[in-house]
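Trainee: Okay, handing you the structure first.
The values are calculated or read from the model by the stated rules, or taken from the named source; none is laboratory data. Fair warning: this is a prediction, and the values are worked out from it, not measured in the lab. Ideal geometry is used to build each Cβ from the backbone, glycine not excepted, and the neighbour counts take in all protein chains shown.
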Amino acid sequence: MRAVKLTGPGTLGLEEVATPEPGPGQVRVRVAGAGLCHSDLHVLHLGDAWPVFGGTVGHEGGGWIDALGDDVTGLTEGDAVVVSVIWSCGSCRACIEGRDNACTVAGTRTGLPLTPGLGPDGSMAEYIIVPARHAVPIGALDPATAAPLTDAGVTPMHAINTVLDRLTPAATVVVIGLGGLGHVALQILAAVSAARVIALDTDPAKRASAAEHGADLVLDSNEHAVERILTETDGVDADVVLDLVGVQPTVDLARRVVAAEGAIRLIGLGGGSLPVNAGVEGESLPWGVNVQRSYGGTRQDLVDVIALAQRGRISIETVTYSLEQFQQAFDDLEAGRVAGRAILVP
Ligand SMILES: [Zn+2]
Ligand SMILES: [Zn+2]
């Protein structure tokens, strides 16, 4: 089969490799589509720090069950599935408590739980081997366009589920960054809450579709945004800020538009930082603000986004490339030329 491999620091290549066989408790999925994520670009740019040269990349996958290993029950060949991004163990304390994204057996306090494409071979290939519990049936959904639900869907779903009680009809939520994750965040917010949604991006093309995705007000993320949000909220500012970008200007924006006692969810991995001062001097957060460095999502979050997609409440804009066009897809993502989510189709 063909697979896109991380061949060296910053380089990818399409290689012919043996089609893998599922072991006990595993299934083989014939890949219908594999989503590209900004995290894939981060992996490329880690250089020599990344330990798995030769591994197949891609952590957003969808396809059909193609072969079952021993001891697999509940799945049938031909079932359409998506591949969970977080291969949690299911039995550590975090997993039992429903916090799969903090699974402590595969991960560490500061590390990541096991993730396909970031250790185990990922989905940018014709086939992928998956632990059976992480091949999640999606019924009649198309597994190619459903692939990004596992990350571009689950990641904002998780952040939103952690602030759901704050999203009252009178509340305001600010969404910064309307790309792959952001345009899904808008749809989830429209589906699960009546809060007012203010959407921001620097890119006019990304702002263009925000209203149809559920934003009540769409603003250019420029120097006027802070004042405008303050005015729009009668001087109170935003109850919730979702930063899907995470670069220093967006993190600063989040800090400057969050209300006292509000909540910030840092979701994008742009490398910005948020000062928190234990005192009254200097640039800090308003009193009482709750901040979470949000990572991935839980099995419940995945169930939630699959249900929303099945009911037509969210749909992910996708741009399709063949597996051979992987380099073009990565270049387009890096250059900001992808509207929604890029998908490689084997
Ligand atoms: Zn990702
Ligand atoms: Zn676990």
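Trainee: Tell me which of these residue 23 doesn't satisfy, since it passes every other one: (1) closer than 26 Å to residue 297 by Cβ; (2) touching a residue at least 24 places away in the same chain (Cβ under 8 Å).
Mentor: Only one criterion in (1) closer than 26 Å to residue 297 by Cβ; (2) touching a residue at least 24 places away in the same chain (Cβ under 8 Å) is unmet by residue 23, namely (1).
Trainee: In region 283-307, what count of residues is obtained for those that are in a loop (DSSP other than H, G, I, E, B) and closer than 23 Å to residue 104 by Cα?
Mentor: 5
Trainee: Sticking with this structure for a sec: Just to be sure, is residue 94 surrounded by 14 or more Cβ atoms within 10 Å (Cβ to Cβ), away from ligand 1 (no atom under 16 Å from the Cβ), in the same structural domain as residue 40 (by TED's automatic domain parsing) and in contact (Cβ under 8 Å) with a residue 40 or more places away in the chain?
Mentor: Answer is no for this residue.
Trainee: Restricting to region 53-101, name every residue that is among the hydroxyl-bearing types (Ser, Thr, Tyr) and either within 30 Å of residue 8 (Cβ to Cβ) or within 16 Å of ligand 2 (Cβ to nearest atom) (or both).
Mentor: 56, 84, 88, 91
Trainee: If you don't mind, there's one more thing I want to ask. Got a number for residues in region 34-75 being within 14 Å of ligand 1 (Cβ to nearest atom), among the β-branched types (Val, Ile, Thr) and modelled with pLDDT of 85 or more?
Mentor: 1
Trainee: Kindly provide the set of residues from region 76-92 that are modelled with pLDDT of 95 or more and of a type in the set (Gly, Ala, Ser), ordered by number.
Mentor: Within region 76-92, 78, 80, 84 meet the criteria.
Trainee: Considering every residue within region 49-61, establish whether at least one is more than 16 Å from residue 132 (Cα to Cα), among the small types (Gly, Ala, Ser) and out of contact with any strand residue (DSSP E or B) (no Cβ under 9 Å at 6 or more places or on another chain).
Mentor: yes
Trainee: Give the residues of region 269-285 that are surrounded by 14 or more Cβ atoms within 10 Å (Cβ to Cβ) and without any contact (Cβ under 8 Å) to a residue 40 or more places away in the chain, sorted by residue number.
Mentor: Passing the criteria: 270, 272, 274, 284, 285.
Trainee: Enumerate the strands (runs of 3 or more DSSP E) found wholly within region 3-81, keeping only those where 3 or more residues are surrounded by fewer than 14 Cβ atoms within 10 Å (Cβ to Cβ).
Mentor: The qualifying strands (runs of 3 or more DSSP E) are 11-16.
Trainee: Restricted to region 98-120, and to residues that are among the hydrophobic types (A, V, I, L, M, F, W, C) and assigned to a loop (DSSP other than H, G, I, E, B), which residue is nearest to ligand 1 (Cβ to nearest atom)?
Mentor: Here the residue is 118.
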